[in-house]
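To keep things clear, I will list the structure first and then write my remarks on it.
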Amino acid sequence: MRAVVEIKGGFGNQIFQYSFANYLRNKGYKVTVNINKIIFKQGSNRHPLSNNNFGFKETSQVTVLLFKFLYFVSQKTFFNNSINKLINKIFTKETNLESFVNNKKGKYLSHFDGYWQNIELVMRQKDYLIQSLKKEDVARNNLTFDIKNGATLVHVRRGDYVDIGENLDIKFYEEAINLCKSKIEKFSFEVFTDDPKWVSEQYIFEDAKAIHGPKDNIEGLLFDISKMCNFQNFIIGNSSLPLMAALFSESKNSLIIVADPWMKNQNHNLNLKRDWVRIKNR
């Protein structure tokens, strides 16, 4: 069975996608990845990870065009019914994990165009993912898991989230930081954000040891994620970048805080860990 997995989105979503691609490979699929360069060009502060580091070849353009053609034909009723049946017998396009898992019989040709956000899938392949990232010098030198007691990461995502109404209310961060102050000995925090100006104007962040802004290249992004893994506690909010840092971190007795629901306007089933603290996403 042959499969093409689309790679798109920010760091966290790419990790979900490579995790899913490796899951398919372990299931016996011959997998290549299609790095959607158009989407990466459109998205600010989004940089594609190296497919070679994860052990995958890039899909040829001939295969990409073939899969697009097969999907087009499979959706049209004006073609000969026998042609549609034949294509649907050998080809499928999947966009979410649940429907794929429920469809137990795989097709000869499969196009996977989704985000595959599942924490359990990542945790099963944590070592593989970390070792893949460490093939880059900046990650190998900085992904040390040097956990500092009491150190807390606060992630604030605005940017595109503001545009689609998924940014978190300031009350979320007030409640999260105050909870950390009451529960964590030697509490200190640093903020990672795509909007450092907005963060610096909010009183709740005035005690931050540092405010880290967005990076404009893959090396800077890998440096940030490496440093994020050195925190003991995490105020994730609802972004997959700090989520990966919390999953990769070797920290024990962590306090991890997430938004509930993860998204207000979208349905996400991440299988968040039960011991994580949930604060209402208003």
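The values are calculated or read from the model by the stated rules, or taken from the named source; none is laboratory data. Since this is a predicted model, take the numbers as computed values, not measurements. Don't worry about glycine lacking a Cβ; one is built from the backbone with ideal geometry, like all the others, and counts go over all protein chains shown.
Some observations on this one:
- Scanning the stretch 162-186 for residues that are in contact (Cβ under 8 Å) with a residue 40 or more places away in the chain and either under 26 Å from Phe11 (Cβ atoms) or in contact with a strand residue (DSSP E or B) (Cβ under 6 Å, 6 or more places away or on another chain) (or both) yields Ile164, Gly165, Glu166, Leu168, Asp169, Phe172, Tyr173, Glu175, Ala176, Ile177, Cys180, Ile184.
- Hits in the stretch 146-168 - residues which are surrounded by fewer than 19 Cβ atoms within 10 Å (Cβ to Cβ) and hydroxyl-bearing (Ser, Thr, Tyr): Tyr161
- Residues in the stretch 107-158 that are hydroxyl-bearing (Ser, Thr, Tyr) and either closer than 30 Å to Lys183 by Cβ or assigned to a strand (DSSP E or B) (or both): Ser110, Thr144, Thr152.
- The lone exception for Phe100 - which of (1) modelled with pLDDT under 85; (2) over 21 Å from Ser19 (Cβ atoms); (3) surrounded by 13 or more Cβ atoms within 10 Å (Cβ to Cβ) it fails: (2)
- Test: residue in the stretch 245-265 that is under 15 Å from the mean Cα position of the chain (by Cα), modelled with pLDDT under 90 and among the aliphatic types (A, V, I, L, M): no
- Looking across the stretch 158-194, the residues that are at positive phi and under 22 Å from the mean Cα position of the chain (by Cα) come down to Gly159, Gly165.
- Looking at Lys107, Lys68, Lys93, Lys89, just one residue is farther than 29 Å from Pro214 by Cα, modelled with pLDDT of 80 or more and in contact with a His (Cβ under 6 Å, 6 or more places away or on another chain), and that residue is Lys93.
Okay, residues lined up against (1) closer than 18 Å to Phe16 by Cβ; (2) outside any loop (DSSP other than H, G, I, E, B); (3) in the same structural domain as Ser19 (by TED's automatic domain parsing):
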| residue | (1), (2), (3) |
| --- | --- |
| Lys186 | no, no, no |
| Phe189 | no, yes, no |
| Ala208 | no, no, no |
| Glu219 | no, yes, no |
| Leu222 | yes, yes, no |
| Ile225 | yes, yes, no |
| Ile236 | yes, yes, no |
| Leu247 | yes, yes, no |
| Ser251 | no, no, no |
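- Those residues of the stretch 189-222 which are free of Cβ contacts under 8 Å to residues at least 60 places away in the same chain, among the charged types (D, E, K, R) and over 24 Å from Ile147 (Cα atoms), in sequence order: Asp195, Lys197, Glu201
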